[in-house]
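Q: If you scroll down you'll find the structure; I have some questions about it.
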Amino acid sequence: MIAELGHFALILAFMVGIYQMTIPMVGAHKGWHGWMDSARPAAMAQLLLMVLSFGALTIAFVTSDFSLRLVYENSHTAKPMIYKISGVWGNHEGSMLLWVLILALFGAAAALFGGNLPPSLRARVLGVQASVSVAFYAFIIFTSNPFWRMGNPPFDGRDLNPLLQDPGLAFHPPFLYLGYVGLSMAFSFAVAALIEGRVDAAWARWVRPWTLAAWVFLTIGIALGSWWAYYELGWGGFWFWDPVENASFMPWLLAAALLHSAVVVEKREALKSWTILLAIMAFGFSLIGTFIVRSGVITSVHSFANDPERGVFILAILAVFVGGALTLYAFRAAEMTAKGVFSPVSREGALVLNNVLLAVAAFVVFIGTIWPLVAEMVWGRVLSVGPPFFNQAFTPFMIVLAIALPLGSILPWKRATLARTLRPLRGALILTGAIMVLVFAVSTGNSGLAVIGAGLGSWLVFGALAELWLRTGNSGAGRLLRLPRADWGKATAHAGLGITFIAVALVQAWQSEDVRVAQVDQPFRVGAYDLVLRDVQRVDGSNYLSQMATIEASRDGRPVATLTPEKRVYPVQGMPTTEASIDYGFWRDLYVVLGDEQAGGGWAVRTYIKPFVSWIWAGSILMALGGLISLTDRRYRVAAGASRPVRRDTTVPAE
């Protein structure tokens with residue numbers, strides 16, 4: 001009965017979505033305020049219905065209702081409760097239900113907090129948002145219904161993919177979807193503005209908080225996925241340029257570009273056409289990511305589905321929304337003339353450079369991700385585009401971006417000179433040079449990568465600190481504490497990016513790896529550490545069987561850690577997994593993986609020493625924290641100036 005209630009709520013939400021995407025849009029066109037105002041209760045009703053629907057599916061998983069096909073295929077009575085709950089979205093159908101729940105959540109948030117928006121723009125934004133929801137409601141109901149019943153319910157289920165039975169994967173998808181779907185708000189604002197024929201500073205103020213929130217969620221989601229891959233898959237890496245990793249990284253890059261571009265629209269009323277295009281493409285790449293994960297065209301450890309028919313449906317959604325938005329953009333772009341004139345050496349010029357670098361970097365990742373598919377379809381050749389291509393093609397853009405970012409942050413608007421701009425950054429340059437000398441002095445090999453990466457990251461960190469001090473007008477710490485939160489947020493995010501730069505460079509240059517057959521009670525040395533395999537025992541988990549090793553690590557005769565790597569087998573799915581054991585540290589991680597037992601005795605053991613690797617996620621946390629700090633700035637919360645009468649752009653004809 002509960003499942004039927006959830007199914008009914010889903011269908012009713014579909015019907016409410018159809019109402020929301022039509023009646024308010026007609027009202028906005030005709031100027032009928034009652035019709036426009038009906039978008040707000042419709043958006044709230046959609047959210048309520050989707051909470052009921054998603055809650056019903058969650059109850060089915062928690063109670064192991066195997067009469068639902070989805071529960072049977074993705075759960076088991078012996079599974080721990082946390083994975084019964086995360087199993088709701090650890091599959092294609094449930095994850096799409098989470099997708100539309102978040103769509104409804106953002107629509108309701110826009111209805112609730114959009115009181116300062118002009119009624120016609122608010123109605124159109126909510127109408128466009130509802131149209132996206134309707135498309136995905138149709139996709140779920142007709143191709144991926146999570147509430148399909150089974151005629152003869154089995155006694156137990158097939159269990160969830162063992163790789164997904166992990167705390168990191170319990171939280172990674174929801175954050176990632178909040179970012180993916182959050183970009184739909186930027187898309188809705190862009191399309192609504194194109195329909196109205198008006199893009200101005202007020203529009204940029206309204207769209208920035210939504211884009212920033214989506215970017216923060218994407219940052220957290222990507223970081224969680226990277227951390228999960230690092231400790232769970234046993235490969236010892238943090239980023240593999242996997243197609244699904246790239247699918248989330250591309251909209252993150254474009255969202256970052258959109259945030260910076262919207263600043264120019266808000267402050268100088270320039271780059272209007274480009275900002276609208278970025279808003280369309282950022283959500284477009286979110287849809288491309290959905291297609292990659294669920295179509296089966298590209299194989300990945302992260303893929304949810306392998307169904308070409310579903311892929312065609314998603315491709316149709318992508319074509320309709322992105323193609324339709326781009327068509328509307330083609331008709332309106334000529335009308336969105338820029339008002340501000342600026343020289344190449346200026347804050348505007350630096351933000352344009354920022355946008356070009358981020359957009360081209362996203363395009364490079366897209367080409368590398370999709371090229372194997374194109375080569376196979378067109379020429380019948382099976383190609384593999386791996387880390388060497390991405391590292392060589394992507395890295396140069398990030399180097400230039402890191403060099404330009406501190407400079408661009410303190411350049412004045414309209415026109416500037418580089419010599420004058422560099423003066424406040426002299427201290428940052430000196431400290432950066434000192435860090436590079438220090439890294440070079442302690443490097444024993446691959447010093448070029450370590451020195452350059454540490455230098456670029458230090459330049460970002462010290463440049464962010466110098467910018468904060470410059471904002472005070474050299475007035476001291478008191479003025480520093482009174483700076484707007486947006487300034488603190490920007491500096492924190494830029495510093496977080498710098499720390500990530502440092503960590504990636506140092507771990508790539510200084511990490512060490514050892515692979516050997518370890519005998520019981522026979523010590524072996526890896527770097528500065530002495531390790532000894534003491535025992536390998538069988539351990540029975542809640543829903544798995546494990547071979548668990550006990551490895552003692554010491555340094556200079558002093559115990560450091562006892563590591564317990566495992567090889568697990570999940571009997572229900574018959575799938576083995578590798579569980580690495582990691583001794584986390586501020587300066588380094590000691591990472592051990594247990595392999596197979598050898599015919600001649602002993603066990604295969606792979607050991608890594610990874611300096612500064614934890615700084616990668618510390619930098620990501622700082623980037624997300626910077627975004628959150630900025631969102632607490634009052635100017636973001638209330639879209640400062642939005643309640644004032646909106647001045648129409650005289651170059652755009654009124655509707």
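Q: What Kirkwood radius, in Å to one decimal, follows from the Cα pairs of the stretch 408-511? List each step's numbers first, then the result.
A: On the way: mean 1/r = 0.0679 Å⁻¹.
Evaluated on the stretch 408-511, it is 14.7 Å.
Q: Find the relative contact order for the chain and round it to a whole percent, using C-alpha pairs within less than 8 Å whose residues are 6+ positions apart.
A: On the way: 1204 pairs, mean separation 80.6, N = 655.
Normalised by residue count, the contact order of the chain is 12 percent.
Q: Right, here's the next one. State whether the chain is rounded, prolate or oblate according to the following rule on the C-alpha gyration tensor (a ≥ b ≥ c being the square roots of its eigenvalues): a/c under 1.5 gives rounded; otherwise a/b larger than b/c gives prolate, and the remaining case gives oblate. List each step's numbers first, then the result.
A: Details: a/c = 2.10, a/b = 1.15, b/c = 1.82.
It is oblate, given that a/c is not under 1.5 and a/b is not larger than b/c.
Q: Find the relative contact order for the stretch 1-160 and round it to a whole percent, using C-alpha pairs within less than 8 Å whose residues are 6+ positions apart. All intermediate terms of the calculation are to be shown ahead of the outcome.
A: Numbers: 252 pairs, mean separation 59.1, N = 160.
So the answer I get is 37 percent.
Q: With the cut-off at 1.5 for a/c, could you classify the stretch 137-220 from its C-alpha gyration tensor as rounded, prolate or oblate?
A: Numbers: a/c = 6.47, a/b = 1.94, b/c = 3.34.
It is oblate, given that a/c is not under 1.5 and a/b is not larger than b/c.
Q: While we're looking at this one, here's another question. Would you list R124, R471, R555 from fewest to most Cβ contacts within 10 Å?
A: Ascending number of Cβ neighbours within 10 Å: R555, R471, R124.
Q: I've got another one for you. Answer rounded, prolate or oblate for the stretch 513-611, using the Cα gyration tensor with square roots of eigenvalues a ≥ b ≥ c: rounded when a/c is under 1.5, else prolate when a/b is larger than b/c, else oblate.
A: Working: a/c = 2.10, a/b = 1.56, b/c = 1.35.
Prolate shape, in that a/c is at least 1.5 and a/b is the bigger ratio.
Q: Sticking with this one: Rounded to the nearest 500, what is the 222 nm mean residue ellipticity of the chain from helices alone, with -39500 (n - 2.57) per DSSP H run of 4+ residues and division by all residues?
A: Result for the chain, helices only: -21500 deg cm²/dmol.
Q: Hey, another quick one. Given 10 °C and 1.306 mPa s, compute D for the stretch 1-160 with the Stokes-Einstein relation, Rh being the Kirkwood radius over Cα pairs; round to the nearest whole µm²/s.
A: Values: Rh = 16.3 Å.
This corresponds to a translational diffusion coefficient of 98 µm²/s.
Q: Based on other C-beta atoms within 10 Å, arrange T219, T472, T444 from fewest to most.
A: Details: T219 26, T472 16, T444 8.
Ordered from fewest to most neighbouring Cβ atoms within 10 Å, T219, T472, T444 come out as T444, T472, T219.
Q: Going by Cα centres, the stretch 460-516 and the stretch 200-214 are how many Å apart?
A: 24
Q: Within 9 Å, Cβ to Cβ, of G234, how many net charges do the neighbouring residues add up to if Lys/Arg are +1 and Asp/Glu are -1? Display every interim value, and only then the final one.
A: Numbers: positive: R606; negative: E232, E579.
With Lys, Arg at +1 and Asp, Glu at -1, the neighbours total -1.
Q: Of W239, W510, W210, how do they rank once you tally other Cβ atoms within 10 Å and put the fewest first?
A: Values: W239 18, W510 21, W210 24.
Listing W239, W510, W210 from fewest to most nearby Cβ atoms yields W239, W510, W210.
Q: Same structure again: For the stretch 1-16 and the stretch 571-601, compute the distance between their C-alpha centroids and round to whole Å.
A: 44
Q: State, as an integer percentage, the relative contact order of the stretch 513-611 based on alpha-carbon contacts under 8 Å between residues 6 or more apart. Don't skip to the answer; put the middle values down first.
A: Values: 229 pairs, mean separation 24.3, N = 99.
25 percent.
Q: Ignoring solvent entirely, what values of log10 I(q)/I(0) come out of the Debye formula for the stretch 15-101 at 0.14, 0.25 Å⁻¹ when each Cα is a single scatterer?
A: Computed log10 I(q)/I(0) values: -0.58, -1.10.
Q: Okay, next question. Work out the FRET efficiency for D583 and D556 from their Cβ-Cβ distance, taking R0 = 22 Å, and round it to the nearest 0.05. Please list the in-between numbers first.
A: Details: r = 16 Å, r/R0 = 0.71.
Using R0 = 22 Å, I get an efficiency of 0.90.
None of the figures in this text is laboratory data; all of them are computed from the coordinates on show. Since the structure is predicted, the reported quantities are computational estimates derived from the model, not experimental observations. Note: ideal-geometry Cβ built from the backbone for every residue, glycine included; neighbour counts use all protein chains shown.
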